[in-house]
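Since the structure comes first, as structure tokens, the remarks are kept for the end.
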């Protein structure tokens with residue numbers, strides 16, 4: 001195993017064991033729930049947007065596998081301080097990375113690149129993108145829970 005692969009695995013495990021921004025927000029600006037029926041992962045994403053249109057707070061709740069939880073944790077860290085449009089663009093770049101649309105390393109995604117390896121495990125792509133799809137649903141004001149199916 002390469003040093004980089006080992007580092008990426010450690011980042012995923014660290015965010016799974018001690019997820020960042022885990023918990024509900026009081027009076028969120030946007031909120032949505034998501035579910036992966038294939039494996040049972042569930043997530044609820046909520047965020048607050050400040051007067052300048054930037055994500056000032058973000059949180060998530062739920063239960064899922066290590067990849068799903070780590071992805072949600074890394075996502076919350078990544079979008080804090082960004083505009084909603086920047087969060088959407090980050091989602092697109094992240095999705096392209098985990099689905100193999102671009103070469104690994106062509107994304108400039110920082111710690112999110114720890115999840116690049118799921119591109120080799122297609123069944124796990126849904127785990128990695130669940131929180132991101134839920135974020136998109138929240139921003140778009142979708143009332144129905146998001147499903148990866």
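Nothing in this text is a laboratory measurement; each read-out follows from the coordinates by a stated rule. Since the structure is predicted, the reported quantities are computational estimates derived from the model, not experimental observations. No Cβ is skipped: glycine too gets one built from the backbone with ideal geometry, and neighbour counts run over all protein chains shown.
Using a simple spin-label model with pseudo-atoms 7 Å out from Cα toward Cβ, residue 54 and residue 10 lie 3.1 nm apart. For the chain, adding -39500 (n - 2.57) for each run of n ≥ 4 DSSP H residues and dividing by the number of residues yields -14000 deg cm²/dmol at 222 nm.
The orientation-averaged projected area of the convex hull spanned by the Cα atoms of the stretch 37-114 comes to 5.5 nm².
Could you tell me how many degrees, from 0 to 90 and to the nearest 10, lie between the Cα long axis of helix 66-79 and the main elongation axis, the longest principal axis, of the Cα atoms of the chain? Tilt of helix 66-79: around 60 degrees.
Rounded to the nearest whole angstrom, the semi-axes of the ellipsoid equivalent to the stretch 1-138, taken from the Cα gyration tensor as √(5λ), stand at 23, 16, 14, largest first. Legend: calculated FRET efficiency, residue 22 to residue 101, from the Cβ-Cβ distance at R0 = 30 Å, rounded to 0.05, equals 0.55.
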